[in-house]
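Bear in mind that the values in this text are calculations on the coordinates, not laboratory data. Keep in mind it's a predicted model, so treat the numbers as computed, not measured. Cβ: placed from backbone, ideal geometry, glycine included. Neighbour counts: every protein chain shown.
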Amino acid sequence: MLCRLRLIGTLTAVVALAGPLASGRARVQVLQSTGGLPAHVVGEFRDPIAFQQSSSGDYYVFDRRAHTVYRVDAAATRTSKIVEIGFEEGRILQPSAFDLQPDGSFVVADAPNARERVQIFRPDGVRLGSFTLPGRTAARVTIGSLVLNGVGSIDYTGRALLINEPEMGGLITEFTLSGRALRTIGRLRPTGHDGERDLQLAFNTGLPLAHPSGGFYFVFQAGVPMFRRYAPNGQLLYERHIEGPEIDQFVQALPTTWPRRRVEPGGELPLVPPTVRTAAVDPDGQLWIAMTVPYTYVYDSDGEKVRTVQFRGAGLIAPTSLFFADRRRLLLTPGCYEFAVR
């Protein structure tokens, strides 16, 4: 059985310095929420794992547990369900991934009848097109906000879709909007588990992200934390390990054996814990990587770490999704908060 890990009143932003400490730890910026959706609106959602905004100002919330996409007006006073649960085209069932373009068009990956489907929608939720990926997946398996099998992440560029499908022999598969596979980018990393296909695939599961000036990032979500950057032609530019004193103990304690969970139809999946929760690229091409522990590392386009960040809303937040509404504003879940990052 193939294993996929999926690893989505105004306050003034403040920066609190957590160092330097005796251990040599770098300074950590603590950003306080500057807004977001009101609590009574967020209370309508069951499991919001993506919170994004179009250029019109409308917000979009992907609620995986409710199998629903919501649109919230720019004033955050009106909420409407624009895509709801269902097997048929134009509805979603067992959804796993969501992404939005500035014009308000968006994509959702789901899995009716254990078939991986990608649908493209207009801003009002009317379906524009769809396609089904080859093969079948087991019933959707999740741990918290993380998808363990099937399409766990998708990056919608407006002209193409980037999906992580390591079973196709590479890290990133680029699809046309009609579902034709254009190319596969990035070799799988060696894992030491080449004879165990499920583990080999799990440790090559991650987040494909387009760079605004061309090319791609790929962030591995399980195993030793690392990321790669690729040129527009698919050539590897560099590979970086994700390191920091904040995650040293966590990385040192990574397991060497993994329990298996039975899934239907017949089979088992190894439960490989994630090291990265989510990631996003800002308009300047900086890569923001939210770790499983509540720290987010920011890398510039050359692969150098430039910031270590924590987010606070009602309390400390471990992000499950990140989205840049513009150069200054970051939206994240859980909580559907907004942060000023400049």
In nm, to one decimal, how far is the LEU182 label point from the VAL126 one, both placed 7 Å along Cα→Cβ? 2.7 nm
Just the Kirkwood number for the chain, please: inverse of mean 1/r across all distinct Cα pairs, in Å, one decimal. 20.2 Å
If you take the Cα atoms of segment 215-342, find Rg, then find the Kirkwood Rh from the mean of 1/r over all pairs, what is Rg/Rh? 1.01
Once amide hydrogens are built 1.01 Å from N within the peptide plane, the residues lying 5 or more places from GLY206 or on another chain with amide H under 5 Å from its amide H are GLN221
Take the Cβ-Cβ distance between LEU316 and ARG342 as r, set R0 to 22 Å, and report the resulting FRET efficiency rounded to the nearest 0.05. 0.55
What is the distance in Å between the Cα centres of segment 154-188 and segment 66-110? 22 Å
To make sure I understand, if each residue's beta carbon is the centre and we count other beta carbons within 10 Å, what order do ILE172, ILE242 fall in, fewest to most? ILE242, ILE172
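Can you classify segment 151-206 as rounded, prolate or oblate using the Cα gyration tensor, where a ≥ b ≥ c are the square roots of its eigenvalues, rounded means a/c under 1.5, and otherwise it's prolate if a/b beats b/c and oblate if not?
Since a/c reaches 1.5 and a/b is larger than b/c, the shape of segment 151-206 is classed as prolate.
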Phi to ³J(HN,Hα) by Karplus 6.51 cos²θ - 1.76 cosθ + 1.60 over segment 298-307, Hz, x for Gly, Pro: 10, 10, 7, 5, 8, x, 9, 6, 10, 8
